[in-house]
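To start, the structure under review is shown below, and the notes come after it.
The values are calculated or read from the model by the stated rules, or taken from the named source; none is laboratory data. The structure displayed is predicted, hence computed values, not measured ones. Heads up, the Cβs are rebuilt from the backbone with ideal geometry, glycines too, and the neighbour counts pull from every protein chain shown.
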Amino acid sequence: MERTFVMIKPDATSRGLIGKVIARLEEEGLRVTAMKMLLIDKATAERLYEVHRGKPFYDGLVEYITSGPVVAMVLEGEDAIARVRRVIGATDPSKAEPGTIRREFGLGIRENVVHAADSPENARREIGIFFKESEILPWKGDLG
Ligand code: CMP
């Protein structure tokens, strides 16, 4: 069983898409084992996106991700990291595969509905920014 970190972004929470995004992930057989809605402060945004520091889009990204509520989640499942990334699609919604979350709901390359960890190392690091181990619930068997 693999863990990954997923975050529903302000463009999606503000458009009432929280339920739709979580439904897609659950339909894929992934289980939510931790979840919280919060406003991210600047320091946390900078920590989450530290690999992007210095890139042309970095300042705008930090401003956007702190502009409204996000939903941070831990999802678990077999091969969860790759499966979540397949369901959400490419960073740029216009380049994402039809049927993916970003293709269906994304507004643009920054306002792209959802963030997901891209490797086991980043999943661990990102989960650790938002959750204590005691806040992640035990897996209770297969979905469906
Ligand atoms: P995410 O998967 O959260 O990882 C980094 C984020 O930076 C990305 O989704 C987008 O929200 C944003 N991003 C990536 N590339 C660009 C870009 N070229 N212009 C604006 N925002 C970007």
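The number of residues in region 71-85 that are of a type outside the set (D, E), in contact (Cβ under 8 Å) with a residue 40 or more places away in the chain and more than 12 Å from P120 (Cα to Cα) comes to 8.
Here S94, S134 are screened, and the one residue that is at pLDDT 95 or above, hydroxyl-bearing (S, T, Y) and within 14 Å of the ligand (Cβ to nearest atom) is S94. Of all the listed residues (M35, M1), the sole one being touching a strand residue (DSSP E or B) at 6+ places or on another chain (Cβ under 6 Å) and surrounded by fewer than 12 Cβ atoms within 10 Å (Cβ to Cβ) is M1. One residue stands out among those in region 25-60 that are of a type in the set (D, E) and over 13 Å from F130 (Cβ atoms): the one that is farthest from the chain's Cα centre (by Cα), which is D59. Filtering I101, I127 for residues that are at pLDDT 95 or above and under 17 Å from L48 (Cα atoms) leaves a single hit, I127. Checking each residue in region 88-125 for being in contact with a Pro (Cβ under 6 Å, 6 or more places away or on another chain) and closer than 23 Å to P69 by Cβ picks out R102, G106, N112. Considered as a group, the residues in region 48-74 that are more than 11 Å from the ligand (Cβ to nearest atom) and surrounded by 14 or more Cβ atoms within 10 Å (Cβ to Cβ) include one that is nearest to R3 (Cα to Cα), and that residue is V74. Scanning region 1-23 for residues that are farther than 24 Å from R124 by Cβ and more than 16 Å from the ligand (Cβ to nearest atom) yields G16, I18, G19, K20, A23. The single condition among (1) within 14 Å of the ligand (Cβ to nearest atom); (2) among the polar types (S, T, N, Q); (3) within 13 Å of V6 (Cβ to Cβ) that T44 does not meet is (3).
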